[in-house]
Amino acid sequence: MANSSEEKHEVFICFRGEDTRNTFTSHLNAALRRLEIRTYIDHDLRRGEEIPERLLRAIKDAKLSVIVFSENFAASKWCLDEVVNILECKKTSNQIVVPVFYRVDPAVVRNQIGSYGDAFGKHEQRFEGEMNKVKIWREALTEAANHSGWGCSLNKVESEIVEGIAMDVMEKLNHVYVGDLDEQIRKFKQLAVLQDQYYKAIPVFDNLEIYRATVRRITELEMERSIRLLRLTPDMLPYVGNFKSH
């Protein structure tokens, strides 16, 4: 079964089940889970023409999507539709996209050649009356493959690649959670330096209190930053006092 819809996931993993479900993708999912990153990975066998609404919702709800491009990825209509929806979420809600090229060259994905070219040849025959659909798939693959991503070839240690991807995902998610706070902290620290200089030039109590208030605000923001990075579940939030985790 797919992940419970009640679990608030952060990462959606898009993959071709027949290629990587029990190998690379399962190892990547386990590595992300070890870092306490909540993932959505579909375990159902894929049947039918249209992506289920639950998968579309799972893509939309994610903050980051990992796309595992494998040799037969382009043969799956569902995989192609997922990529289209992921890129749409990138445009509408700034979802982060991390492509992984699992034993396939990025140029093969970008230009739809090799096994991807063969797959698209079959799609063009099958969807002869819906060529715009095939065009959208092609454009989506080209765009996704142009993102900075990870390569995983036969001459690389797969476990090291998996751990590297997991750490990269965590860093990207952390930036999503605390990027706004980092900017506020930076500005308040600059302000505190100026206020300290002003107090030293005019050492009156009011100037000292203004400086101290800014220092207290910096401390509050740094505490909130730490709490956000914990990515607490809703049931844990009441224990953090006045601070809120986003």
Practice item. Compute the long axis of helix 131-145 from its Cα atoms, compare it with the longest principal axis of the Cα atoms of the chain, and write down the angle in degrees, 0 to 90, nearest 10. Key: 50 degrees
Revision key, fill the gap. Given backbone amide H placed at 1.01 Å from N, residues whose amide H is under 5 Å from that of residue 96, ignoring those fewer than 5 places away on the same chain, are 64, 65
Review point. Tell me, what is the percent relative contact order of segment 58-118, built from C-alpha pairs under 8 Å that lie six or more residues apart?
Key: 44 percent
Revision key, fill the gap. On each of the three principal axes the extent of the alpha-carbon atoms of segment 95-246, given in whole Å and largest first, is 80, 35, 31
Revision key, fill the gap. Distance in nm between residue 167 and residue 107 label points, each 7 Å along Cα→Cβ, equals 3.0 nm
Review point. How would you rank 85-97, 201-213, highest first, on the average number of other Cβ atoms within 10 Å across their residues?
Key: 85-97, 201-213
Review point. Size of the dipole of the chain about the Cα centre, Lys and Arg at +1 and Asp and Glu at -1 on the beta carbon, nothing else charged, in debye to 20?
Key: 420 debye
Check your understanding: Pairing the Cα long axis of helix 205-230 with the longest principal axis of the chain, what angle in degrees results, from 0 to 90 and rounded to the nearest 10?
Key -> 30 degrees
Check your understanding: Can you give me the relative contact order of the chain as a percent, contacts being Cα pairs under 8 Å and 6 or more apart?
Key -> 16 percent
Practice item. Using a 1.4 angstrom probe on heavy atoms only, work out the carbon and sulfur share of the accessible area of segment 15-99 in %. Key: 46 percent
Revision key, fill the gap. Under the Karplus relation with 6.51, -1.76 and 1.60 and θ = phi - 60°, whole-Hz ³J(HN,Hα) for segment 186-199, x at Gly and Pro, equal 4, 5, 5, 5, 5, 5, 4, 4, 5, 5, 5, 5, 5, 5
Review point. For segment 11-173, what is the accessible area per residue in Å² when the probe is 1.4 Å?
Key: 48 Å²
Review point. Based on the Cβ-Cβ distance of residue 205 and residue 240, what FRET efficiency does E = 1/(1 + (r/R0)^6) give at R0 = 41 Å, to the nearest 0.05?
Key: 0.75
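The values are calculated or read from the model by the stated rules, or taken from the named source; none is laboratory data. Since the model is a prediction, treat every value here as computed from it, not as a measurement. Cβ: placed from backbone, ideal geometry, glycine included. Neighbour counts: every protein chain shown. For accessibility, only protein heavy atoms count, side chains too; no ligands or nucleic acids. Shrake-Rupley method; radii C 1.70, N 1.55, O 1.52, S 1.80 Å.
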